[in-house]
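Each value in this text was obtained by applying a stated rule to the coordinates, not by laboratory testing. Remember, predicted model here, so these are calculated numbers, not experimental data. Because the Cβ atoms are built from the backbone with ideal geometry, glycine has one as well, and the counts that use them run over all protein chains shown.
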Amino acid sequence: MGLLSRIFGKDVSREQQPSAGVVKTTEVTKKEDKPVADKITAGHVHMSGCTGCLVAVADNYGGLLTLLDKYVDYVYDLTLADVRHIPKMDVALVEGSVCINDKLSVEEIKQTREKSAIVVAVGGCACYGNITRFARGGQQNQPKHEAFLPIGDLINVDVYIPGCAPTPQLIRNVCVMAYLLLKGTKEQKELAGAYLKPLMNLAKRGTTACFCDLMTDVINQGLCIGCGTCAAACPVRAITHEYGRPQGQRDLCVKCGACYTQCPRSFLNMDVIKNFESIQELIKGAL
């Protein structure tokens, strides 16, 4: 393929005409192969948090650029979009808990629910309160901010992405699956639903989290295999391993829910397991 083909995206073929002694040029224009028909709208709503979850979103690097180019119109973000009020959108990624002493924060989280088709709680603060559970107020700039709640205590949440902060890959995968759930084919919607089901079940489980959940649902049931995933996931090193079993220190636990949600034995979803390869191929193809 020549230089003109590379520049203009066309196939240029030449046929020699012996009688006329000229070169005949035939141009065939290629149609652009678009991976999707249209985009969904999404935004990032920042409540009371450290912005670590937004950093995790940005840490997707090229994957984030692919999402914004092919699948998502980013319509709201206090840091990246010049929009003052929460608009109508398909997917809202909410970071941080809600300060109930701040009327504006309470109004904004309610508006987020009203204007969003899917609300995703991103990170331990949004899901379970995390370290904001221990807040006492008294900050010099806002001394009245002393009571915080996870967003699920104020609105209905569709999907949880726990962790402090969640992995960039999980945030990216949820965004891809949210797109396919809203805009994909029937088969894609089924796979997206299978992927999101465990995270949707977490949202139904409640707004509290602790190492005690792991103790009650996994260790005390004889399900722990001593893999160490919970200890690796804990952001404050509150979990250690002794004699092949995890030991939690309650005085260090910040209630982020990372240990329970990362444990491979905490909640078993056969829909994901039997479709694992298909789901991975779907994500890989999208990106």
### Message
If I take every Cα pair under 8 Å that is 6 or more residues apart in the range 211-268, average their sequence separation and divide by the length, what percent do I get for the relative contact order?
### Response
41 percent
### Task
Return the sequence-ordered ³J(HN,Hα) values of the range 71-87 in whole Hz as given by the Karplus equation 6.51 cos²θ - 1.76 cosθ + 1.60 applied to θ = phi - 60°, using x for Gly and Pro.
10, 10, 9, 7, 9, 8, 5, 4, 8, 10, 10, 8, 10, 8, 10, 5, x
### Query
What is the Cα centroid distance between the range 218-272 and the range 52-74, reported in whole angstrom?
29 Å
### Query
Which value at 222 nm does the chain reach when only helices count, each DSSP H run of 4 or more adding -39,500 (n - 2.57), with the total divided by all residues and rounded to the nearest 500 deg cm²/dmol?
-10500 deg cm²/dmol
#### Entry: Nonlocal amide H pairs with Gln247, under 5 Å, H built at 1.01 Å
Thr240, His241, Glu242
### Task
Quick one: grab Rg to one decimal and Dmax as a whole number for the chain, Cα atoms only, in Å.
24.2, 93
### Under DSSP loop assignment and at most 10 Cβ neighbours within 10 Å, longest chymotrypsin sites (Phe, Trp or Tyr not before Pro)-free interval of the chain
62-242
#### Entry: Dipole of the chain [Lys/Arg +1, Asp/Glu -1 at C-beta], most positive-end residue of Gly138, Pro150, Gln188
Gln188
## Note on the structure
With DSSP loop assignment and no more than 14 other C-beta atoms within 10 Å, the trypsin sites (Lys or Arg not before Pro) in the range 142-186 are Lys144
### Task
Let me see the pair-distance distribution of the range 126-200: every alpha carbon pair, 5 Å bin width, integer percents in order.
3, 14, 17, 17, 15, 11, 8, 6, 5, 2, 1
### ³J(HN,Hα), Karplus 6.51/-1.76/1.60, whole Hz, each residue of the range 277-284, x for Gly, Pro
5, 5, 5, 5, 5, 5, 5, 4
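Return the inverse of the average 1/r over all pairs of distinct C-alpha atoms in the range 134-287, which is the Kirkwood hydrodynamic radius, in Å to one decimal.
With all distinct Cα pairs of the range 134-287 included, I get 17.4 Å.
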#### Entry: Footprinting exposure proxy for Ser48, Ser278, Ser116, Ser97 (fewest neighbouring C-beta atoms within 10 Å first)
Ser278, Ser48, Ser116, Ser97
### Task
Using every pair of alpha-carbon atoms in the range 211-268, split the distances into 5 Å bins beginning at 0 and state the percent of pairs per bin, rounded to integers.
4, 23, 36, 26, 10, 1
### Task
Of the DSSP beta bridges with both residues in the chain, give the percent that are antiparallel, rounding to the nearest 5.
45 percent
## Note on the structure
By the Cα gyration tensor axes a ≥ b ≥ c (a/c under 1.5 gives rounded; else a/b larger than b/c gives prolate, otherwise oblate), the shape of the range 32-103 is prolate
### Message
Just to confirm the filter: which trypsin sites (Lys or Arg not before Pro) across the range 211-287 are DSSP coil and have at most 11 other Cβ within 10 angstrom of their Cβ?
### Response
Arg237, Arg250
